[in-house]
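To start, the structure under review is shown below, and the notes come after it.
Throughout, read-outs are computed from the coordinates displayed, never taken from laboratory work. What you see is a predicted model, and the numbers here were worked out from it, not measured in a lab. Positions of Cβ are backbone-derived with ideal geometry, glycine not excepted, and every protein chain shown enters the neighbour counts.
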Amino acid sequence: MTPQTVTERVTVPYLREKKGGGIAVMTAYDFALARLADMAEMDILLVGDSLGMVFQGGENTLSVTTEQMIYHTRWVARAARRALVVTDMPFLSYQVGCAQAIENAGQFLQAGAAAVKLEGGEAVVDRIAQLTRYDIPVMAHIGLTPQSVHRMGGYRVQGRTPMEAKRLLNDARAVEQAGAFAVVLEAIPMKLAAKITKALKIPTIGIGSGPHCDGQVLVLNDLLGLSPKPMPRFVRCYADVAAVALDAFTRFKKDVVTGVFPSKEEGYVSRAPQVRRRASRPA
């Protein structure tokens, strides 16, 4: 493993300038893997509330707390030397009111994040406007918004009807006008994602929304093949880490049971006590 040369740290203005394509985003939840992603020169490390599912084993993201997001943000931020760290604002951390949103977002920045991400379009523009007013950069998120899983009736593609498409386009324009520096487009038709991307001056980050967005994001566990199968059709698995890990665990268990591990070469021996010699008396 050869570390990549650390280049200048990614900033919000830098990302605005990358409108047009090539923004690489990956979720991260701990120091070790965040460090590797940063070495690979990811532009953004997203501390996603997806940790409620891929890290905690939950059915959705709704149980994730502000305190948990602060905890994970701290370790990802410690690893990031180049990437911009963005933290998801979890369910009920911003919905109650603007004052609550400002206080919680401030805690994420104090933990090391450089920006926050919140779900919703026109319904949350007042939150976005207030956060940016107090110099807290905001990434918006429209389309399939996981915190709305019950209203949507599951994880379904959004924007397939003309009415839904119009609503999402209006949402995108609204969050841009409110001050968001970028917007995630999740699980919407490719043509609609292309139309939204063309209509906005801020970058779009796609997940399951086709190749026409300005950037792409994948969940770390999906990318590494650690998530249960089948995975969503938009996921490209770049490594089967689950198979490698399972093989290593199985061989370790076998070696312990058969007594092959540890060997004598993998143990320590006692040192013989050193005998202190008396100095001879001078004549």
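When volume of the Cα convex hull per residue in Å³ is calculated for this entry, the matching label among (1) 216; (2) 122; (3) 147 is (1). As a rough guide to protection, the peptides 185-197, 245-257 ranked by mean Cβ packing within 10 Å, highest first, stand as 185-197, 245-257. Sorting Arg9, Arg233, Arg35 by the number of Cβ atoms found within 10 Å of their own Cβ, with the fewest placed first, yields Arg233, Arg9, Arg35. Ranking of His150, His212, His72 by neighbouring Cβ atoms within 10 Å, starting from the fewest: His150, His212, His72.
Taking other C-beta atoms within 10 angstrom as a stand-in for reagent exposure, Tyr134, Tyr155 fall in the order Tyr134, Tyr155, fewest first. In the stretch 148-283, a dipole from Cβ-located charges (positive for Lys and Arg, negative for Asp and Glu) runs towards its positive end, and of Gly208, Phe252, Phe234 it is Phe252 whose Cα lies farthest in that direction. Local charge for Ala239 was computed over the other residues whose Cβ lies under 15 Å away, with Lys and Arg +1 and Asp and Glu -1, and equals -1. Screening the chain for whole DSSP H helices of 15 Å or more along their axis (Cα) with average Kyte-Doolittle hydropathy at least -1.0 returns 66-79, 98-110, 162-178, 241-258. Once the Cα-Cα distance is subtracted from the 0.36 nm per residue extended length, the Thr11 to Leu36 segment shows a gain of 7.1 nm. The antiparallel fraction among DSSP beta bridges confined to the stretch 12-244 stands at about 5%. Here the stretch 146-283 is assigned +1 on the Cβ of each Lys and Arg and -1 on the Cβ of each Asp and Glu. Its dipole about the Cα centre then comes out at about 600 debye.
Among residues other than Val64 with Cβ under 10 Å from its Cβ, the summed charge is -3 (Lys and Arg +1, Asp and Glu -1).
Taking the Cα centre of the chain as reference, the dipole from Cβ charges on Lys and Arg (+1) and Asp and Glu (-1) amounts to some 960 debye. Note on the stretch 158-211 and the stretch 239-256: Cα centroid distance 42 Å, given to the nearest whole angstrom.
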